[in-house]
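Scroll down for the structure; my scribbles are underneath it.
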Amino acid sequence: MKWAVSSGARRFYEFGPFRLDPNRRRLFCGDEVVALSPKAIQTLILLVENRGKVLEREALMDALWPHVIVEDANLTVAVSQLRKALNQNGDNAEFIETIPRVGYRFVADICEVIKEPAPLIPEERKRLQPTADNAEANGTTTAPPELQAKISLLPEQRRPRRMQRRSIVAIALCLTIAVAAIAYHFVNPAAVRLQTSVPLRCYRSKTLR
């Protein structure tokens, strides 16, 4: 019986101790991967998906080697490898039955398993939403942490900072004027000498009179 499968679901086939993953093209026995050639695993998938039906050798050859002419012995080797991997001995048709001069048929009971992807939890989706979206939905806005820290300051806490800024500006202005005066004296020493010598000449002229 087949049913609708979602796009993200995975299909497995279980028979005996084996599990077949047709998407990944792997056969498991318990937790171990059974070593098979690519053509052998393709043959097994075709037989399992058409379980209970007789697949003729020519149909299998066309599906496994399309547009290529190969010997029938290649299919015999692939089926023999499958039987060995499935621990099927001799004429015991536990899994694969040979229809003489016709083809093969998969006869074991199969349990078809559909593994759906894990659904997302609504609570986890809400946690992934930005806080700004939640605030807008509630009609409120949240300021960044740095802005909140500035807004939370009381007026009494803001005044000392303003005084400190003014003091720093005044000190910087005084330092700038002092540096400019010192630089002027070093750069123009002749002007400094002239300013200091003029009063002396005037004093001497008054004394001579």
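The values are calculated or read from the model by the stated rules, or taken from the named source; none is laboratory data. A quick note: this is a predicted structure, and the numbers were derived from the prediction, not measured. Ligands, DNA and RNA are stripped out before the accessible areas are found, and what is left, the full protein with its side chains, is counted by its heavy atoms. Shrake-Rupley method; radii C 1.70, N 1.55, O 1.52, S 1.80 Å.
Tabulated results
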| read-out | value |
| --- | --- |
| Rg(Cα) / (2.2 N^0.38 Å) computed for the stretch 15-76, rounded to two decimals | 1.20 |
| Alpha-carbon spread of the stretch 29-111, three principal axes, descending order, Å | 37, 24, 24 |
| Val107 - accessible surface, heavy atoms, 1.4 Å probe, Å² rounded to 10 | 60 Å² |
